[in-house]
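Worksheet for the structure shown next.
Just so it is clear, none of the values below were taken in a lab; they were calculated from the coordinates. Model, not experiment: these values are computed from the prediction. Note that each Cβ is placed from the backbone with ideal geometry, even for glycine, and that neighbours are counted across all protein chains shown.
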């Protein structure tokens, strides 16, 4: 009997939305079902309050819509949400790819983003123009335009950072028994605790993308698509599908 390819759920970073994953949706989506939901407070869910519990619930709903089991892939905020989902949803998360999410979220580490949030919210457009300019300078105008399609949820940043500080990603990784890929750009500032994150994994591996910064899926989209596909294939080879 032919096995249905394992679906993939992609989780976006802070203040952006699921549109950031369009290159991976197009590439990985050629072989398997994919989705990139907006997390609470972001994209189509702007106005909702972000909490980690609500974010994990959103991931659970997406996994259930795809058949009850999926590989979860997240960048930065999405990576931390993916870790929390893995720790709480167990086998429903068939595997986890966490990109740019290996810094323990101490309160002091959120201060730069909190300051940016206050600055953005003081601008007449909530920082939309400035955010698009920043992304255009780092990943190009075409990618920045895609990222900006559902706006920049700068108003959600404070609640989101509070939720991150209140989370415990190392504990969640220790609770999760499935395969984990921790992916960092070699120049990513959030690599600081990557060895502690790797040691917390029951079945973990660390992947470093040379010459890449924090936004690896945007700076090296084909590399990330290939890595996600390889992770999904590994899970398919080494685990049994859910019983019908």
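Springs between alpha-carbon pairs under 10 angstrom, Gaussian network model over the chain: which of 67, 219, 87 fluctuates most? Fluctuation is largest for 67. Quick check: from the Cα gyration tensor, does the stretch 96-175 come out rounded (a/c under 1.5), prolate or oblate? Oblate, because a/c is 1.5 or more while a/b does not exceed b/c. Name the shape class, rounded, prolate or oblate, that the alpha-carbon gyration tensor gives for the stretch 53-188, where a ≥ b ≥ c are the square roots of its eigenvalues, rounded holds for a/c under 1.5, and otherwise prolate holds if a/b is larger than b/c and oblate otherwise. The shape class here is prolate.
To the nearest 10 degrees, how steeply does helix 221-238 sit against the main Cα axis of the chain, on a 0 to 90 scale? Once rounded, the angle reads 30 degrees.
I'd like the orientation of helix 128-139 relative to the chain: the angle between its Cα long axis and the longest Cα principal axis, in ° from 0 to 90, rounded to 10. Approximately 50 degrees, to the nearest ten. Neighbour counts of C-beta atoms inside 10 Å place 147, 83, 63 in the sequence 63, 147, 83, starting with the fewest. Once divided by 2.2 N^0.38 Å, the Cα radius of gyration of the stretch 8-238 becomes 0.93. As a length-normalised measure over Cα pairs under 8 Å and 6 or more apart, the relative contact order of the chain settles at 24 percent. Counting every other Cβ atom within 10 Å of each residue's Cβ, 108, 186, 35 order from fewest to most as 108, 186, 35.
The stretch 183-207 and the stretch 211-229 have their alpha-carbon centroids 15 Å apart.
Using only alpha-carbon positions in the stretch 134-240, the gyration tensor eigenvalues give semi-axes of 26, 20, 14 Å once each is multiplied by 5 and square-rooted (largest first). Taking every DSSP helix (H) stretch of at least 4 residues in the chain, weighting each as -39,500 (n - 2.57) and dividing the sum by the residue count yields a mean residue ellipticity at 222 nm of -13000 deg cm²/dmol.
Apply the a/c threshold of 1.5 to the C-alpha gyration tensor of the stretch 1-95 and tell me whether it is rounded, prolate or oblate. Cα axes put the stretch 1-95 in the oblate bin. The angle separating the long axis of helix 77-89 from the principal Cα axis of greatest extent in the chain is about 40 degrees.
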